[in-house]
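Here's the structure we're looking at; comments come further down.
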Amino acid sequence: MRTATLSLIWAVGLGASACRSQGQETDTPRAPPGEAWLTPQQVEEAKIKLAVAGEQKLEAFLSVGGKVTFDDLRVTHVFSPVLGRVVKVLAQLGQRVNKGTPLALISSPDVGNAFSDLAKAQADLDAATKEYRRQQELYEAHAAPRKDYEASEGAYKKARAEYARAEQKAKLLRVASANDGTQEYTLRSPIEGRVVARNVNPGVEVQGQYSGGTAVELFTIGELDPVWVLADVPEMDVGRVHKESPVTIRVVAYPDKTFEGRVDWISDVLDPTMRTAKLRCVIPNPDLLLKPEMYASVAVSGLTVRGLAIPRSAVLRLGEQAVVFVARGRTEDGRLRFERRPVRIEEEDVGGLVPVVRGVEQGETIVIDGAIILSGMT
C-alpha cells in the first residue's frame, strides 16, 4: 500500500501552564467561538504539528455483495439414463469419488430391451443382406424384375440403419457397465470430486433420459477447493476492476475470518435491469469452509485512485461530528489562529490516511497532532 507523506510545516505545542497564562491576560482579545488563538511559544510547548492537505495517490477498495458457487468445470449433476428401480446406493454424502466410481445400481428393463433390440436388429440385417444379394444376382441374370431388386436394396438399407441405432444405444449402456444378463445398470461418477448432494434411496423408481422421461437429478458431484464467488459490480465501478486484482472475502458464518483470492473474469455485458456487471473470483478453500450459495462480502483491492486525504490523527470525533483544526494565519497581535471545522470523510482508513469528501480544501494547513488540546480551548 502506497501512502504519501504530508509535508511538515512546524511542530509547536502548548503546556498546561500556557493554557492558564492565556486566561490570565484579561486585556488580550479573546478568540471567537470555534477558534483557538495561541502564541508561537504556547504552541511550541504543546508539540502541535501541522501539515498541508493535498491530493494523494491512495490504494482504494471496492466493496460489493456476492455469492459462493461451484467452479462450473468442477461440478456435475448425475441423472439416470435408463428407466428402472434403484437396487443399491453405493456412494454416500461427503464421500470422495474418482471418475468411474459406482454411485448406484439400477435394475432396468431398458437394459434388457436395448440388448434385445440389438439382437433383433442383427437378425433383421442378416436376413435383409441375404435377400438383397439374392435379388441382385437374379437381376443381373435377367431372372427378376428391377422393382424386386430395388425393394430388397431399400429393405437392406433400413435394416442396416436400424442395426446401427440399436448398436449405439447398446454401446452406451455397455460402456456404463450394463449387464444384459441381469438387466442391471451401474450408475458411475463422470468426474472426480465429492458427493455433495444425493436425492435417491434404494427402492425408488427413476426416470431415464434415454427413454424420454423427465429425469430427476440423483447425485451432485463437485469440488469445493477452489470455489467461485460471483459478485455484481455497479456500472460506475466497472472501470476500476481488473482481472487478477486481489480480493478479500467475508461470510457471516465466519465473521472473524477472511478468505483471499483473485478476480478471474469480468463480464463483457451489463445486466440491463440492475446496470451491473458480473465479477467472478477464484477463492482457495482447502478447509471446505466456504459452501455454495453462501452470501459473501467481496472487497476488491489493488485499485489506485487520487484524492484529497489527511492523516487519521487530524480528525476528532465530537459526538457524531468529525472535525479538524485548520490554521487561519495570525491575529493582529501575532498569535496563531486555529479554526475548528466540521468535515466529511470516508470512514475507511487507507494507510493512515482518510479521504476527505468535504470540509478541507487542497493546500490548507491542518493540525495533525495536538488537535485534542485545541478542542478543549474552543
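The values are calculated or read from the model by the stated rules, or taken from the named source; none is laboratory data. For clarity, every value in this text was computed on a predicted model and none was experimentally measured. Note: ideal-geometry Cβ built from the backbone for every residue, glycine included; neighbour counts use all protein chains shown.
Worth a mention:
- Flag if GLU348 is within 38 Å of the chain's Cα centre (by Cα) and modelled with pLDDT under 90: yes
- Pairs linking a residue in region 115-138 that is under 13 Å from ALA151 (Cα atoms) to a residue that is among the polar types (S, T, N, Q) and part of a helix (DSSP H, G or I), with Cβ atoms under 6 Å and 6 or more positions apart or on different chains, are GLU131/SER152; TYR132/SER152; GLN135/SER152.
- Qualifying position, being closer than 30 Å to ILE191 by Cα, touching a helix residue (DSSP H, G or I) at 6+ places or on another chain (Cβ under 9 Å) and surrounded by 12 or more Cβ atoms within 10 Å (Cβ to Cβ), among LEU224, LEU270: LEU224
- Here the condition is being farther than 27 Å from LEU290 by Cα, surrounded by 17 or more Cβ atoms within 10 Å (Cβ to Cβ) and in contact (Cβ under 8 Å) with a residue 40 or more places away in the chain; of ALA215, ALA231, it holds for ALA215 alone.
- Qualifying positions in region 36-89 - within 30 Å of GLU184 (Cα to Cα) and aromatic (Phe, Trp, Tyr): PHE79
- Note on region 99-141: residues that are hydroxyl-bearing (Ser, Thr, Tyr), touching a helix residue (DSSP H, G or I) at 6+ places or on another chain (Cβ under 8 Å) and modelled with pLDDT of 90 or more amount to 2.
- Meets criteria (modelled with pLDDT of 90 or more and surrounded by fewer than 18 Cβ atoms within 10 Å (Cβ to Cβ)) for ARG96: yes
- Of everything listed in (1) within 60 Å of the chain's Cα centre (by Cα); (2) in contact (Cβ under 8 Å) with a residue 12 or more places away in the chain; (3) farther than 30 Å from TYR185 by Cβ, the single unmet condition for SER152 is (1).
- Checking each residue in region 235-266 for being free of Cβ contacts under 8 Å to residues at least 24 places away in the same chain, more than 12 Å from the chain's Cα centre (by Cα) and at negative phi picks out MET236, GLY239, LYS243, PRO255, ASP256, THR258.
- Reported count of residues in region 322-340, each being without any contact (Cβ under 8 Å) to a residue 40 or more places away in the chain and surrounded by 11 or more Cβ atoms within 10 Å (Cβ to Cβ), is 2.
- Just one of the listed residues (SER313, SER297, SER375) is among the hydroxyl-bearing types (Ser, Thr, Tyr), touching a residue at least 60 places away in the same chain (Cβ under 8 Å) and surrounded by fewer than 19 Cβ atoms within 10 Å (Cβ to Cβ), namely SER297.
- On the stretch given as region 287-302, residues that are among the polar types (S, T, N, Q) and either more than 13 Å from VAL251 (Cβ to Cβ) or touching a His at 6+ places or on another chain (Cβ under 9 Å) (or both) total 1.
- Picking from residues in region 44-71 that are modelled with pLDDT under 85 and crowded, with 19+ Cβ neighbours inside 10 Å, the one that is nearest to the chain's Cα centre (by Cα) is LEU62.
- From ALA151, ALA176, ALA197, ALA155, residue being at pLDDT 90 or above and within 30 Å of ASP72 (Cα to Cα): ALA197
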